[in-house]
Amino acid sequence: MQTQLIQIIRDKIRAHGPQPFAWFIQQALYHPAHGYYSSGRARIGRDGDYFTNVSVGPLFGRLLAAQFAQMWKRLGKIDNFILVEEGAHDGQFARDVLEAARRDAPDFFADLRYRIIEPFRVWQDRQRQTLGDFQEKVEWPNELAPFTGVHFSNELLDAMPINFRNKLVDLASDQFVFVDSPAEQITNQSQLDWIDKVAANLQRGFVLIIDYGFARNEFREVVQARAQHRHLDSPFEQIGDADITAHINWTDIAERAEAKGLRVAGFTDQHHFLTGIISDLVAPDSPRALQTLLHPEMLGRVFQVLLLNKDVDLAPPLAGFKFARDAQSLLNR
Ligand SMILES: C[S@@+](CC[C@H](N)C(=O)[O-])C[C@H]1O[C@@H](n2cnc3c(N)ncnc32)[C@H](O)[C@@H]1O
């Protein structure tokens, strides 16, 4: 139990009154010393708190490597293709992609540079260990910088601190509780700020976002806390030892991206996305992993994939979007 962290949060509320939920999540996940992610406690995979596409095995990275190689071709096989990843955890996805590219697409591999944006030293150190074989390929700048290529993220946005529109976090004796907020709040400012930054730094190429959420018409506020593969009853349980995630509003992200000069080039679920890649680019080699990633009752329908782009001709569509329906209508636009 993270007693110091809990005390820090209580002290703030006692001194300053109810706080936005985004502030609470920021402490629980990213407090510099005690947060679930920032402390290095976060564990993903069988022995951890939850599974992601990456923890299913190397197949996910292999399929994505094929999609990135096709993007590189669409950009005219440029010799400084930068793949930016944020939320890279222990570097396993980066390694899966680099190994697949080296083996299956050596020309692409030669032109590829991998750039990880990682705010926490503890995770950067683990990424460097995982990526020891690829030292000359990978760089860790302090922040996003201008690039041509692709920005990739898997389950990054759902881990950003969000607000509830009408709730604040308060204390009832020693227990954390939600109370009504006197004013409506912007729920996903952190995600909107993030897309602003990505749009400002993408010179030419793509942004590929994999995550879970809703288009605007179906949107509802869903927050989940998870520890040791259990859904907790409330984000106020196991503070600092549990992951907290929120379903995202895809339409908000897409509209903000368009307002900042990106184009929406595709929106589909993971099932259709990966099926397109398999049908055009890769013959998968591990049937169990494939089933987990694709099956509609496993990960296939949980995740959606949004493709944004700047200054690239996208006819015909990329492999991952060949079976996608019209993005604008799916996003209720
Ligand atoms: C749910 S985990 C996903 C990890 C990995 N992508 C995967 O799929 O296994 C979310 C990750 O995003 C990171 N993260 C959250 N906000 C971030 C930000 N603004 N910049 C970089 N990483 C961030 C967290 O530290 C955490 O490692």
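From most to least packed by mean Cβ count within 10 Å, the peptides 51-57, 70-76 give 51-57, 70-76.
Shown for the chain: the carbon plus sulfur share of the solvent-accessible area, taken with all protein chains present and a 1.4 angstrom probe, equals 47%.
The HN-Hα couplings worked out from phi for region 59-70 by the Karplus form 6.51 cos²θ - 1.76 cosθ + 1.60 (θ = phi - 60°) are 4, 4, x, 5, 5, 5, 4, 5, 5, 5, 5, 5 Hz, whole numbers, x standing for Gly and Pro. When peptides 217-227, 232-242 are ranked by their average number of other Cβ atoms within 10 Å per residue, the highest-first order is 232-242, 217-227.
Helix content alone sets the calculated 222 nm mean residue ellipticity of the chain: runs of n ≥ 4 DSSP H residues at -39500 (n - 2.57) each, divided across all residues, give -10500 deg cm²/dmol. Of the residues V222, W123, I239, the one whose Cα sits farthest towards the positive end of the charge dipole of the chain is W123 (charges of +1 on Lys and Arg Cβ, -1 on Asp and Glu Cβ, taken about the Cα centre). Separation of region 1-39 and region 138-177, taken as the distance between their Cα centroids, equals 14 angstrom.
Of the residues L202, L171, L98, the one that moves most in a GNM of the chain with alpha-carbon contacts below 10 Å is L171.
For Y114, neighbours were defined as the other residues whose beta-carbon sits under 13 Å from its Cβ, and their charges (Lys and Arg +1, Asp and Glu -1) total -3. Distances between placed amide hydrogens fall under 5 Å for G57 paired with no residue 5 or more residues away or on another chain. Only lysines eight or more places from K137 in sequence, or on another chain, were considered; those with a Cα closer than 28 Å are K73, K77, K197, K310. For region 302-307, putting each phi into the Karplus relation 6.51 cos²θ - 1.76 cosθ + 1.60 with θ = phi - 60° gives couplings of 5, 9, 10, 10, 10, 10 Hz, in residue order, rounded to whole numbers and with x for Gly and Pro. Averaged per residue, region 103-223 has 47 square angstrom of accessible surface, using a 1.4 angstrom probe with ligands and nucleic acids left out. Under the convention that each Lys and Arg Cβ holds +1 and each Asp and Glu Cβ holds -1, the size of the dipole of the chain around its Cα centre is about 320 debye.
The values are calculated or read from the model by the stated rules, or taken from the named source; none is laboratory data. These figures come from a predicted structure and were not determined experimentally. Using ideal geometry, Cβ is built from the backbone for each residue, glycine included, and neighbour counts are taken over all protein chains shown. Please note that ligands, DNA and RNA were not included when accessible areas were found on the heavy atoms of the full protein model with its side chains. Shrake-Rupley method; radii C 1.70, N 1.55, O 1.52, S 1.80 Å.
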